[in-house]
Each structure stands twice: as structure tokens, then as C-alpha cells.
Amino acid sequence: MSDPKALVDAMIPATPTSKLSRKLPQQGEMPFAIVMGQALTELPKDLYIPPQALEVILEAFEGPLDLLLYLIRRQNLDILDIDVSDLTEQYMRYVELMDAMQFELAAEYLLMAAMLAEIKSRMLLPRQVHDEDDEEDPRAQLIRRLQEYERFKQAAEQIDHLPRVEREIFLVSAAAPVITREKIEPDVEMQEILIAFAAVLSRANMFESHHVQREALSTRERMSQVLERLSGERFVPFVSLFTVQEGRMGVVVTFLAIMELIKESLIEIVQTESFGPIHVKARTS
């Protein structure tokens, strides 16, 4: 069982920033494993390791950029002001350690080692004065990649801390219970119905109004009244038989009475000229 980060810490002790450029840390005896926080440098005599032993990596680096970022943070360095020489040496020690522990090295680690060696060699080469302003810092591309990787790594850590289904949140479902309710009909007594009916009647009396109804007119009675006015042998104007004060109902009843008298041949109507006045006279037997 191995822990790469613990091996790096044991192999490369943390060096303060102020002393990093002065003196490189002395490498002690390289432990082959960390058991309960203690570095083991010698194998137990009674320990048997089979040829196809299972290797468990507790905390590995996710790539060469992750390793470089870990080394920079471990030394409390600023990414914009890294010492490529010391960083390259520490990186190569880790690559040699992984090779010695028979861990499978990806091609990305070897490619980063070559890139660090190239940057280190370019930093050691002397530069002419007129080219110093135009030439880009050899570390610029590496710094940009480290900054971008650090941003994505921090974002991934923040997303990982968010609540996750089946980890902090567990979805549950429950069926609603079937509730049967019996509607109880009220028990109403006759006395309560009478009291309610009396209340309705009292409210209905508040909306009553006085209605004036005229006396009903009789056609037979009006026929007798017309015959009384036509008593004698003189002619009476037709319009004089109507009483305007009786309204439309009185006019209609009088007209019907005159029509009935004409029908029964009790009166006669005379008009001396076209569109002239109409006169009415009682018919003599």
C-alpha cells in the first residue's frame, strides 16, 4: 500500500521560500512505504511479497500539472515567480521514485519532464541585450497552464462539495394513505324548519309594495250606459261617447260596447260625407 504524496513529502522535505534559492534540501534515505504515519526503510524479515502483489494507491496525482501544482503549494511559492531549476529537480526525483517503485508512468509525466528540462536549459542560456525585450519568458506558457489548471481544479473541488444525490441527499417516495370519510347527514327537527320558514316570511314582508288596481270594467254595463245616453231620437257625436279620463282600458271597453250594440241592431251609425264626423243614434223599433 503506497501513498505518492506521502512519499514525496518524505523524500523532498518542505523548504521555506526564503531558503529555497539558497540551499537545496538534503535527500535522506528513501522510504519504500508509509505505515501508520511512519516511513519504513527496511523490509521486515518475515514479510512475504508475492510476485503479483496488489498495489493500492491511496492518493495519487491526477497528472503532471497536478504534481507541479502540489510541489509549488508545498513550498508556498507564487506561480508567477517559480524557480524552474528547483522545481525541475524535485519533479525528476518524483519520476525516479515512481520508476523505482515500479509504478506505471504515463507518457504525460515524461513529456512534462522534457518540457521542464527545456525551460531550465533556456533559462540557463545567456540572452543578448537587444533580444531581452522581444523574447518571451520561457516559463510563461507553463505558468498559464498551471493557472488554468488551478482554476479548474478549484471549481471541481467546489462542485464536489455540493450536496449530491445518493451521497448527502436520498430521494424517497411514499404513497398517500387512502382516507375514507363518512358524511353524516344533519338531524333536523320540525321546529327548526318552522323557525327558518318564519324568518323567510319576515324577510319577504320587507319587500312588499302597495299595488293600486283599477275597478274592472264590464262590456255589458258599458252597453247600458251608451243606450242611456242615446235615449231619444237625436244624433250624438261618436267621439262624445268616450271618456278620456278612463284611459286606454275605458276607451277599448266603450268601443267594444258600441260594436256589440251595432251587432245587435240597437244603434245605427250615420256619416253625411266622406271623412266627415260620425254620429250615433238609437234605433227605433
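No value in this document is a laboratory result; all are computed from the given coordinates. Only a predicted model underlies this, so the values are computations on that prediction, with no experimental measurement involved. All Cβ positions, even for glycine, are placed from backbone atoms using ideal geometry, and neighbour counts span all protein chains on display.
Packing-wise, with mean Cβ within 10 Å as the measure, how do 35-46, 107-118 rank, highest first?
For the peptides 35-46, 107-118, the packing ranking is 107-118, 35-46.
When the expected Rg is taken as 2.2 N^0.38 Å, what fraction or multiple of it is the alpha-carbon Rg of the stretch 219-282?
1.07
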